[in-house]
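Q: Before anything else, here's the structure in question.
Throughout, read-outs are computed from the coordinates displayed, never taken from laboratory work. From a predicted model like this one, the values you see are computed outputs, not experimental measurements. Cβ placement follows ideal geometry from the backbone for every residue including glycine, while neighbour counts extend to all protein chains displayed.
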Ligand code: AVJ
């Protein structure tokens, strides 16, 4: 077997059909909404990488701190021979985990919807670790996965706090599907951003340099390019609000004045009132008890809970 295999479980045109369905559904409902996965074209992925380096955006640095400090404990607790990473993206922080899991590690299975992210990361990793089996999966992990038959125990990692971009009902479905991937002795490593003071949270999603605003508005560029929409980013303001009841940040795009957006590919004309908002992302923040309860409800048991020194972000280890 070649050390690098790539399997596509997404049809070539799935992205296109999904985008159309999401835009049609999201912009004709009240209140309007668009799912956050459409931020991440090449430009959006670049903007996200830039966000991770902003002084206000602490989650990436906090999670990296935990991974660096705890990777040996994670390796000892799991003895993983296969590391599966959901939403692997650039796989940058995963290096620490891979280093700690070696020499026992046999296979790394990065899973992402972006084929370019997967091949780029895989090439870099293979150059360093020629003995590691790499089995990249182009797949939408929110829809259940067929994993390759690599040796156990498996460690499934879902980092970055991306679980917070799912609504509670979606998280239940997702955690159930992760549970279904695990055999006895396998584990889940989950990154969650934590509830903290409102000013810190809002600043992380509304930075002074305006990078997050550009990232948020990038979804409009995606719709313009892919569906021919005549939408202009300068007609919208970036908004980030903390919902203290539901304990999540919402990013929205707010129309600066009354306008209409024509989307020829969908035969759709979307009216906006002045000040009307489209919700583009939910980023839920967690507490330990909530994480434990959600894991338990999915048939998983929390075994370890690690935070950074400042208690801003958590990594949870759970077993099936
Ligand atoms: C993709 C979950 C890491 O919700 O914090 C960053 C995306 N949105 N700034 C998050 C994001 C706005 C991010 N994650």
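Q: Relative to the longest principal Cα axis of the chain, at what angle does helix 14-28 sit, 0 to 90 degrees, rounded to 10?
A: Roughly 40 degrees between the two axes.
Q: Say each of residue 224 and residue 22 gets a label point 7 Å from the Cα, pointing the same way as Cα to Cβ; how far apart are those two points in nm?
A: Using points 7 Å along Cα→Cβ, the separation is 1.9 nm.
Q: For the pair residue 131 and residue 202, what calculated FRET efficiency results from E = 1/(1 + (r/R0)^6), where r is the Cβ-Cβ distance and R0 = 35 Å, to the nearest 0.05?
A: According to the calculation, E is roughly 0.15.
Q: May I pose another question? By its C-alpha gyration tensor, with a ≥ b ≥ c as the square roots of the eigenvalues, how is region 208-320 shaped: rounded for a/c under 1.5, else prolate for a/b larger than b/c, else oblate?
A: Verdict is prolate for region 208-320.
Q: At R0 = 25 Å, how high is the FRET efficiency between residue 49 and residue 245 if r is their beta carbon distance? Nearest 0.05 is fine.
A: 0.20
Q: Relative to the longest principal Cα axis of the chain, at what angle does helix 211-227 sit, 0 to 90 degrees, rounded to 10?
A: Roughly 70 degrees between the two axes.
Q: Please report the spacing between the Cα centers of region 235-288 and region 198-227 in Å, no decimals.
A: Distance between centres, Cα-based: 11 Å.
Q: Using only C-alpha positions, report the orientation-averaged shadow area of the convex hull of the chain, nm², one decimal.
A: 15.9 nm²
Q: Counting C-alpha atoms alone, how compact is region 104-215: give Rg to one decimal and Dmax as a whole number, in angstrom.
A: So, for region 104-215, Rg and Dmax equal 16.9, 47 Å respectively.
Q: Additional query: Show me the three semi-axes of the equivalent ellipsoid for region 1-159, from the C-alpha gyration tensor (sqrt of 5 times each eigenvalue), largest first, rounded to whole Å.
A: Its equivalent ellipsoid spans semi-axes of 29, 20, 14 Å.
Q: Something else now. Counting only helical runs of four or more DSSP H residues, what would the 222 nm mean residue ellipticity of the chain come to if each run contributes -39,500 (n - 2.57) and the total is spread over all its residues?
A: -11500 deg cm²/dmol
Q: Report the antiparallel proportion of the DSSP beta bridges in the chain as a percent, rounded to a multiple of 5.
A: Bridges in the chain are about 55 percent antiparallel.
Q: Out of all DSSP beta bridges with both ends in region 19-155, state the antiparallel percent to the nearest 5.
A: Looking only at bridges with both residues in region 19-155, the antiparallel portion is about 0 percent.
Q: For the chain, take the longest principal axis of its alpha carbons; what is the angle in degrees between that and the long axis of helix 288-297, to the nearest 10 within 0 to 90?
A: Computed tilt is about 80 degrees.
Q: Expected output is a single nm value to one decimal: the length gained when fully extending between residue 7 and residue 173, i.e. 0.36 nm times separation in residues minus the C-alpha distance. What is it?
A: Here the answer is 57.4 nm.
Q: Please work out how much length the chain gains when fully extended from residue 268 to residue 237, using 0.36 nm per residue of separation minus the C-alpha to C-alpha distance, in nm with one decimal.
A: 8.9 nm
Q: Which one of 81, 43, 279 has the biggest mean-square fluctuation once the chain is modelled by GNM with Cα springs under 10 Å?
A: Per the Cα network of the chain with a 10 Å cutoff, 43 tops the list.
Q: For the chain, set up a GNM with springs between Cα atoms under 10 Å and report which of 301, 310, 277 has the largest fluctuation.
A: 310
Q: Determine the relative contact order of region 44-130: mean sequence separation of Cα pairs under 8 Å and six or more apart, normalised by residue count, in whole percent.
A: 27 percent
Q: Here's a follow-up. Need one number for region 247-297: average projected area of the convex hull over its C-alpha atoms, nm².
A: The Cα convex hull of region 247-297, projected and averaged over all directions, gives 5.6 nm².
Q: Counting alpha carbon pairs within less than 8 Å and at least 6 residues apart, what relative contact order, in whole percent, applies to the chain?
A: For the chain, the relative contact order is 21 percent.
Q: Please compute the length gained on full extension between residue 81 and residue 146, using 0.36 nm multiplied by the number of residues separating them and subtracting their Cα-Cα distance.
A: 21.6 nm
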